[in-house]
Amino acid sequence: MLISKLVQTIKEHYKIAVAIALCVFIAIVGVWIYHHKQKQLEKPVVITQEQAKSPKELSKAIHVTEQEAQEVISKKERTQPIATYYTQAPTVEVAAEQVKQDIAHSNPNVPKAVTEESDRIAVVANTDEQKVDVYKINLNKVHKIKAGVTLIDNKAYETIGYQAGKFEVLTHFNGQHLEGGSVLYTVKEW
């Protein structure tokens, strides 16, 4: 009964059904492509010491903006690599490539801190000290979708928001009706 009614409705509105199916298909393909590209960006990358010191070179190597690369460099100078891990190799460059492969394949000998999820992983062949440094890089997320509840005069409103950088837009709903909105700007972060 229910299936025959659904088939009848689709026959009557086949153009809308095709459009909806096409939109769903395009959305699924888009999400799959985005997810695939993100996974490619999250793979470990071997970089040289020179690249690790130059914002322009680092930005190309780990696929970030030059400003983000500069932030990574300044933080790198103040921090230590996340783990110490020993491996046998004829050169530091070969060792760096081996560490990259071990991280990519989740080798059980690699420290757990190295295989935890992050936005980028930089494997640096440190020829000065004859070692390989691994840096986990978590980028600031500039786009955020938010959901929550706002309470005004003992009335609860569903709230949906979008944040891009320092700007934030919130919309407040009461059931299905839009009741208002807010626009916010972040003045200071710490």
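The values are calculated or read from the model by the stated rules, or taken from the named source; none is laboratory data. Computed from a prediction, not measured in an experiment: that's the story for all the values here. Cβ placement follows ideal geometry from the backbone for every residue including glycine, while neighbour counts extend to all protein chains displayed. Protein only, heavy atoms only, side chains kept; ligands, DNA and RNA dropped before computing areas. Shrake-Rupley method; radii C 1.70, N 1.55, O 1.52, S 1.80 Å.
Quick look at the values:
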read-out	value
Yes/no for K131 being under 30 Å from K39 (Cβ atoms), of a type in the set (D, E, K, R) and open to solvent by 100 Å² or more (accessible area, probe 1.4 Å)	no
Test result for I28, open to solvent by 90 Å² or more (accessible area, probe 1.4 Å) and of a type in the set (V, I, T)	yes
So L6, is it open to solvent by 90 Å² or more (accessible area, probe 1.4 Å), modelled with pLDDT under 80 and hydrophobic (A, V, I, L, M, F, W, C)	yes
Qualifying residue in segment 117-124 (condition: closer than 30 Å to E168 by Cα, modelled with pLDDT under 85 and either surrounded by fewer than 14 Cβ atoms within 10 Å (Cβ to Cβ) or in contact with a His (Cβ under 9 Å, 6 or more places away or on another chain) (or both))	yes
Residues (more than 22 Å from E189 (Cα to Cα) and of a type in the set (D, E, K, R)) located in segment 151-179	D153, K155, E158, E179
Filtered residues of segment 6-24 (kept if hydroxyl-bearing (S, T, Y) and outside any helix (DSSP H, G or I))	none
Residues of segment 125-150 classified as part of a strand (DSSP E or B), at pLDDT below 85 and either of a type in the set (G, A, S) or over 18 Å from E189 (Cβ atoms) (or both), total	9
In segment 136-190, residue farthest from P44 (Cα to Cα) [restricted to those that are open to solvent by 80 Å² or more (accessible area, probe 1.4 Å) and aromatic (F, W, Y)]	Y185
Residue that is nearest to R120 (Cα to Cα) [pool: residues in segment 46-93 that are part of a strand (DSSP E or B) and either open to solvent by 40 Å² or more (accessible area, probe 1.4 Å) or among the small types (G, A, S) (or both)]	V46
